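These notes are about the structure you will find just below.
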Amino acid sequence: MHLDCPTSSRAKLSWRHGVVEHGTRIIPAETPVALSYNGSTYAVMMATPQDLVDFAVGFSLNEGIVSDRNEILSLEIHQDRQGIDVRMWLNQARSDMAATRRRAMVGPVGCGLCGVESLAAAQRKLPKVEVERRFGATALLNAMSILAPRQHLNQRTRAVHAAAWWDDDIVAIVDVREDVGRHNALDKLAGVLGRDMVLAKHGAILLTSRVSVEMVQKAAMIGAPIVVAISAPTSLAIDVAEEAGITLAAIARDDGFDVFSHSERIDF
């Protein structure tokens, strides 16, 4: 396993139409990634070892550990046989805050709220997304239709999720991040948006996964007014999207999508 080498070729034995054949398949990498602040490990997540700077910055922003990327004074990536350690050093105010909140958290790829310390923490207070801008339904559907060709890692493996940023001003997908974990992919996207100082109110998040509550929470922390997903949302995701002021569109197919909250932001 090497940094920025997100795949490997593995031998396989295929049985198709009654015929057995030897071959190989490109498989996505999955490795433990520790996120550390000022020398103390905060979380360990199973992730794809690429775009880890984006992952670390986005996780820090989405978790509320920092409110601005500049509060991360330095960031280093260290690798050994056990996995990867992303070491961040924060300014003093944020360091003290992180120390009081620190939790040892092992996060499998299917987990978005692992290690929270209480029921209240699972439904934290989110910033309200207050954007009066309207977005064209056709433009959003077209955005979803052109996402697949931009998923370079998934085209090779058919085994990873993607989170993308659609900029409505230039009518284009600007950034795509992929990972074996859907939450990790969205954290990576948050990281590149935060590093590039993207104005979130001008665009939409596109997801290739289902929409559970933690995905909506991350979208609210990013400040995105719209989330469009291929799969369906959960009931709590809809409730939180309504409260956070996020337009939640899902089950996007060639013929359209369903809108579950704040439909007034969509121009049909």
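The values are calculated or read from the model by the stated rules, or taken from the named source; none is laboratory data. Because the structure is a prediction, the values reported are computed rather than measured. Note: ideal-geometry Cβ built from the backbone for every residue, glycine included; neighbour counts use all protein chains shown.
Things worth noting here:
- Set Val240, Val160: member being in contact with a helix residue (DSSP H, G or I) (Cβ under 6 Å, 6 or more places away or on another chain) and within 22 Å of Asp254 (Cα to Cα): Val160
Quick grid of which residues meet (1) of a type outside the set (D, E, K, R); (2) assigned by TED's automatic domain parsing to the domain that holds Val180; (3) surrounded by fewer than 19 Cβ atoms within 10 Å (Cβ to Cβ); (4) within 30 Å of Leu126 (Cβ to Cβ):
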| position | (1), (2), (3), (4) |
| --- | --- |
| Thr7 | yes, no, yes, no |
| Lys12 | no, no, yes, no |
| Arg16 | no, no, yes, no |
| Gly23 | yes, no, yes, no |
| Ser36 | yes, no, no, yes |
| Met45 | yes, no, no, yes |
| Asp51 | no, no, no, yes |
| Val57 | yes, no, no, yes |
| Ile65 | yes, no, no, yes |
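- Any hit, the stretch 204-227, residues being assigned to a loop (DSSP other than H, G, I, E, B) and buried (at least 24 other Cβ atoms within 10 Å of the Cβ): yes
- Of all residue pairs spaced 6 or more apart or on separate chains, those with beta-carbon atoms under 8 Å, a first member in the stretch 248-268 that is part of a strand (DSSP E or B) and a second member that is polar (S, T, N, Q) are Leu248/Ser261; Ala250/Ser231; Ile251/Ser231; Val259/Thr247; Ser261/Thr247; Ile266/Thr247.
- Among the candidates Ile226, Ile205, the residue that is at pLDDT 95 or above, of a type in the set (A, V, I, L, M) and touching a Ser or Thr at 6+ places or on another chain (Cβ under 7 Å) is uniquely Ile226.
- Cβ-Cβ under 7 Å pairs, at least 6 apart or on other chains, the stretch 176-199 side over 20 Å from Met88 (Cα atoms) and assigned by TED's automatic domain parsing to the domain that holds Leu147, far side assigned to a loop (DSSP other than H, G, I, E, B) and of a type in the set (Ser, Thr, Tyr): Glu178/Thr48; Asp179/Thr48; Val180/Thr48; Arg182/Ser209
- Selection within the stretch 1-57 - in contact with an Asp or Glu (Cβ under 6 Å, 6 or more places away or on another chain) and part of a loop (DSSP other than H, G, I, E, B): Thr48, Gln50
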